[in-house]
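The values are calculated or read from the model by the stated rules, or taken from the named source; none is laboratory data. Fair warning: this is a prediction, and the values are worked out from it, not measured in the lab. Cβ placement follows ideal geometry from the backbone for every residue including glycine, while neighbour counts extend to all protein chains displayed.
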Amino acid sequence: MAKEDFYSTKKLENNITNRKVTAEKSKVKWLNIQWLLYHKNYPFTIFFKYSNNEEVLFESVDLKKRNSIAIANLQLDLLYPLGRQISVEKKKGFGGTSSIHSPGTS
């Protein structure tokens, strides 16, 4: 993998907030959620159920901040623009080889 494959999520994180209530103003019990649903058409909304029963309706949580910008307009920065060095300890873990090979390559 190259450094161009890793993007920072900081700009995305700045556009959301950790909500503690649903759109219906009931408290979200995050540890009790059993089913999460995401829709591409609603990028800042998480739909969820406390049950795996298909007949139970989904509740929703809006994560969008009031003054957030459209995510389609965001240009994500590279996470490591200059690359990232592999430590000596980690290289030893790879058997001392100087290059890393993906499975199935020689």
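Annotations
- Filtered by the rule that a residue be at pLDDT 75 or above and outside any loop (DSSP other than H, G, I, E, B), the stretch 65-80 gives a lone residue, Leu78.
- Residue that is surrounded by the fewest Cβ atoms within 10 Å (Cβ to Cβ), among those in the stretch 24-47 that are over 29 Å from Gln75 (Cα atoms) and of a type outside the set (D, E, K, R): Leu31
- Output for the stretch 23-37, where each listed residue is more than 21 Å from Lys65 (Cβ to Cβ) and among the charged types (D, E, K, R): Lys29
- Residues located in the stretch 24-41, provided they are under 20 Å from Leu12 (Cβ atoms) and out of contact with any strand residue (DSSP E or B) (no Cβ under 8 Å at 6 or more places or on another chain): Trp30, Lys40, Asn41
- Any hit, the stretch 43-63, residues being part of a loop (DSSP other than H, G, I, E, B), at pLDDT 85 or above, in contact with a helix residue (DSSP H, G or I) (Cβ under 9 Å, 6 or more places away or on another chain) and of a type in the set (Ser, Thr, Tyr): yes
- Residue check for Ile16: farther than 30 Å from Tyr80 by Cα, out of contact with any Cys (no Cβ under 6 Å at 6 or more places or on another chain) and surrounded by 12 or more Cβ atoms within 10 Å (Cβ to Cβ): no
- Residue selected from the stretch 4-13 under the condition assigned to a loop (DSSP other than H, G, I, E, B) and not hydrophobic (A, V, I, L, M, F, W, C), by the criterion surrounded by the fewest Cβ atoms within 10 Å (Cβ to Cβ): Thr9
- Restricting the first member to the stretch 26-51 and to residues that are in contact (Cβ under 8 Å) with a residue 24 or more places away in the chain, and the second to residues that are outside any loop (DSSP other than H, G, I, E, B) and of a type in the set (A, V, I, L, M), the beta-carbon pairs closer than 9 Å and six or more apart or on different chains are Val28/Val21; Val28/Val61; Pro43/Ile71; Pro43/Ala72; Phe44/Ile16; Phe44/Ile71.
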